[in-house]
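**Student:** Mind looking over this structure? Questions follow.
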Amino acid sequence: MSNKMWGGRFSEGPDAIMEEINASIDFDKKLYSQDIAGSKAHVRMLAKQEIVPADDAKAIEQGLDTIAGEIEAGDFTFSRALEDIHMNVESRLSDLIGPNAGRLHTARSRNDQVATDFRLWVRDTLDTLDGQLLELQSTFAGKAEEFANAVMPGFTHLQSAQPVTFGHHMMAYVEMLSRDRGRVQDARKRMNECPLGSAALAGTSFPIDRHMTAEALGFDRPTANSLDGVSDRDFALEALSAASICAMHLSRFAEELVIWSSAQFRFVKLSDKFSTGSSIMPQKRNPDAAELVRAKSGRIIGALNALLIVMKGLPLAYSKDMQEDKEQVFDALQNLSLCVAAMTGMVADLEPNVKELKKAAGSGYSTATDLADWLVRTLGMPFRNAHHVTGSLVAMAAERNIELHKLTLEDMQTVEPTITEDVFSVLSVDKSVRSRVSFGGTAPANVKKQAKSWLKKLEKEKAAKQ
């Protein structure tokens, strides 16, 4: 038996294996609300343009509302034989109102239908993600304000470099997340064109009003080219690209949490809510939430790569390959949403070990650059000379297994006779961070000012979204 939705050309039904590989309802049923919203906008337009009778349009719209209610209540039976969400909805509509349900598909194709549904879903999800990232930004900024004075080691190559503040480190992620949100918002703006009415690939001979349906669905405009409208998936690729960069940022901080919460570092304590234990080692507190955020970044980045590979060889317009666009997008964006929620909880509950951080900040000769700067600023020494003198003093301290500030003035003067007692004023980690007053520097006053500015801005954004 042929498929009743498209089987007029066929004398027998698909093989079981064909049905298995062809069906997408197991995952694209997630698009049901977008599919029904698109259908309602389409049928209203058809009625306004007198392409279908008003009474039939009203019955179709009422039937679609019934179907939406059934799906939301869990009373709808999805059929794999009907392939996808579009055919499942249309088949049920036919059960409810009879043959006139077939009028709904006038002047459209599954090609423009799915392109519209998918854009709507991605757009809705990007809006949700932007709100979540706003909350995470606020959480980082709040932590930065609270610990603007807490000194910690700054690292390059995961080795002590210069002292910074914990607040300054938190603010770095506020800035990263700002750019992540910018990419999300930019992707959302660029994708906000409506493919509905492109039909299969060439448009339609019916006198449809594409601007009406675009406006009804919240799009800025209809897509300008019907071929592009049905074959474009760069909106999904751009969303995945923004998601991948964001996931990478989250993964970097997750990695830091894993390191910082270890017994070897003891820089921070993660709350019990975001830690787990061991089945055999009772002393363990494992940073599993951070580790999973770190791992899921690979999954999200992999989705971008997968969709790029699907799309790279496809001629215009639609090919069935594009059915493989949704699963990885659904999975990636939903997992990013989960990661952002988990990270927001971890950062909110994070307890920095201020004493341990300060102790570590002074290790590894982290104020050596301050010494070099002092030689330049106070003695008028060229920086390259100052760098050499400081390196010699660090070597002396390392040979004696002491910190830089433990060298005596006499020790230092054996390397550079013009050094004075004032040099010790720059060798403490507290004075080091307070001196970094350049714009964007780690000085606590800078950090507090930036954190307060961001928190004020973010609160305004939250209020505007409500």
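**Student:** First select every other residue whose beta carbon is under 11 angstrom from the beta carbon of N225; then total the charges, Lys and Arg +1, Asp and Glu -1. Spell out each step's value before the answer.
**Tutor:** On the way: positive: none; negative: E193, D228, D232.
Residues close to N225 contribute a combined charge of -3.
**Student:** Right, another one. Carbon-plus-sulfur fraction of the accessible area of the stretch 18-106, 1.4 Å probe, in percent?
**Tutor:** With neighbouring chains kept in place, the figure for the stretch 18-106 is 45 percent.
**Student:** Going by a ≥ b ≥ c, the root eigenvalues of the Cα gyration tensor, does the stretch 52-99 fall in the rounded group (a/c under 1.5), the prolate group (a/b larger than b/c) or the oblate group?
**Tutor:** oblate
**Student:** Hey, any idea what % of the stretch 363-464's accessible area is carbon plus sulfur with a 1.4 Å probe? Could the numbers behind the result be given before it?
**Tutor:** Values: 3200 of 5710 Å².
That share works out to 56 percent.
**Student:** Another question about this same structure. Can you list the aspartates and glutamates whose alpha carbon sits under 12 Å from that of K358, skipping same-chain ones fewer than 8 residues off?
**Tutor:** Correct list for K358: D430.
**Student:** Stretch R252-A341 to full length: gain in nm at 0.36 nm per residue minus the Cα-Cα span?
**Tutor:** 30.4 nm
**Student:** Further, regarding this structure: If the cut-off is 18 Å between C-alpha atoms, which lysines fall inside it for K312, apart from same-chain ones fewer than 8 positions away?
**Tutor:** Straight-distance partners of K312: K320, K326.
**Student:** Treating only the Cβ of Lys, Arg, Asp and Glu as charged (+1, +1, -1, -1), what charge dipole size does the stretch 18-106 show about its Cα centre? Round to the nearest 20 debye.
**Tutor:** 340
**Student:** For the Cα atoms of the chain, what angle does the longest principal axis make with the long axis of helix 85-97, in degrees from 0 to 90, nearest 10?
**Tutor:** Here the helix axis deviates by roughly 40 degrees.
**Student:** Then there is this: Cα to Cα, under 18 Å, and not fewer than 8 places away if on the same chain: which lysines meet these conditions relative to K452?
**Tutor:** K143, K460, K462
**Student:** Given a cut-off of 21 Å, what percent of all Cα-Cα pairs of the stretch 363-464 lie beyond it? Mind dumping the intermediate values first?
**Tutor:** Numbers: 2243 of 5151 pairs.
Of all Cα-Cα distances in the stretch 363-464, 44 percent exceed 21 Å.
**Student:** Taking 0.36 nm per residue of separation and subtracting the Cα-Cα distance, what length does fully extending L409 through E70 add?
**Tutor:** So the chain would gain 113.8 nm between L409 and E70.
**Student:** Whenever you get a sec, compute what percent of the accessible area on the stretch 150-295 sits on carbon and sulfur atoms (1.4 Å probe).
**Tutor:** 53
**Student:** Report the FRET efficiency, 1/(1 + (r/R0)^6), for D422 and R384, where r is their Cβ-Cβ distance and R0 is 25 Å, rounded to 0.05.
**Tutor:** Numbers: r = 22 Å, r/R0 = 0.88.
According to the calculation, E is roughly 0.70.
**Student:** If I ignore ligands, DNA and RNA and count only protein heavy atoms, how much of Y365 is accessible to a 1.4 Å probe, in Å² to the nearest 10?
**Tutor:** Result for Y365: roughly 50 Å² accessible.
**Student:** Among A372, G142, G313, pick out the residue whose Cα is farthest towards the positive end of the charge dipole of the chain, where Lys and Arg carry +1 and Asp and Glu carry -1 on C-beta, about the Cα centre.
**Tutor:** Farthest towards the positive pole: A372.
**Student:** Sticking with this structure for a sec: Need one number: the % of Cα-Cα pairs in the stretch 18-106 sitting beyond the 18 Å mark.
**Tutor:** Summing the P(r) tail past 18 Å for the stretch 18-106 gives 41 percent.
**Student:** Can you work out the accessible area per residue across the chain, with the rest of the protein chains kept in place, probe 1.4 Å, in square angstrom?
**Tutor:** 48
**Student:** While we're on this one: How many nm separate the modelled label positions at F27 and Q334, each set 7 Å beyond the Cα in the direction of the Cβ?
**Tutor:** Rounded to a tenth, the inter-label distance reads 1.0 nm.
**Student:** If you don't mind, there's one more thing I want to ask. Across the stretch 41-50, in residue order, what do the Karplus-derived ³J(HN,Hα) couplings come to in whole Hz, using 6.51 cos²θ - 1.76 cosθ + 1.60 with θ = phi - 60° and x for Gly and Pro?
**Tutor:** Computed from phi, the couplings for the stretch 41-50 are 4, 5, 6, 5, 5, 4, 5, 4, 7, 6 Hz.
**Student:** What shape does the stretch 235-388 have by the C-alpha gyration tensor, where a ≥ b ≥ c are the square roots of the eigenvalues, rounded means a/c under 1.5, and otherwise prolate means a/b greater than b/c and oblate the rest? Let's see the in-between values first.
**Tutor:** Working: a/c = 3.84, a/b = 1.56, b/c = 2.46.
Cα axes put the stretch 235-388 in the oblate bin.
**Student:** So if I take the centroid of the Cα atoms in the stretch 275-335 and the same for the stretch 108-135, what is the distance between those two points in Å?
**Tutor:** Distance between centres, Cα-based: 18 Å.
**Student:** Modelled label-to-label distance, A463 and D321, 7 Å Cα→beta-carbon offset: nm?
**Tutor:** Result: 5.1 nm between the two label points.
**Student:** Positive end of the charge dipole of the chain (Lys, Arg +1 and Asp, Glu -1 on Cβ, about the Cα centre): tell me which of T442, M412, F78 has its Cα farthest that way.
**Tutor:** Farthest towards the positive end: M412.
**Student:** Taking the Cα atoms only, what angle lies between the long axis of helix 166-190 and the longest principal axis of the chain, rounded to 10 degrees?
**Tutor:** Taking Cα atoms only, the helix is inclined about 20 degrees.
**Student:** Output wanted: per-residue J couplings in Hz (rounded whole) for the stretch 110-119, from phi through Karplus 6.51 cos²θ - 1.76 cosθ + 1.60, θ = phi - 60°, x for Gly and Pro.
**Tutor:** Whole-Hz 3J(HN,Hα) from phi for the stretch 110-119: 4, 5, 6, 5, 5, 4, 5, 4, 5, 4.
**Student:** Can I ask one more? Could I have the simple spin-label model distance between D209 and Q185, label points 7 Å from Cα toward Cβ, reported in nm to one decimal?
**Tutor:** With each label placed 7 Å out from Cα toward Cβ, I get 3.3 nm.
**Student:** For Cα extents along the principal axes in Å, the choices are [x] 85, 51, 47; [y] 99, 52, 42; [z] 99, 53, 38; which was calculated from the structure?
**Tutor:** Computing Cα extents along the principal axes in Å and matching it to [x] 85, 51, 47; [y] 99, 52, 42; [z] 99, 53, 38 gives [y].
**Student:** While we're looking at this one, here's another question. State to the nearest 20 debye the size of the charge dipole of the chain about its Cα centre, where the only charges are +1 on K and R beta carbons and -1 on D and E beta carbons.
**Tutor:** 1360
**Student:** List every residue whose amide H lies under 5 Å from the amide H of C194, counting only residues 5 or more places away in sequence or on a different chain, with H placed 1.01 Å from N in the peptide plane.
**Tutor:** Distant-sequence amide H within range of C194: R221, T223.
The values are calculated or read from the model by the stated rules, or taken from the named source; none is laboratory data. Nothing here was measured: the structure is a model prediction, and the numbers come from that model. Cβ atoms come from the backbone with ideal geometry, glycine included; neighbour counts cover every protein chain shown. Heads up: the accessible areas ignore ligands, DNA and RNA and are worked out on the full protein's heavy atoms, side chains in. Shrake-Rupley method; radii C 1.70, N 1.55, O 1.52, S 1.80 Å.
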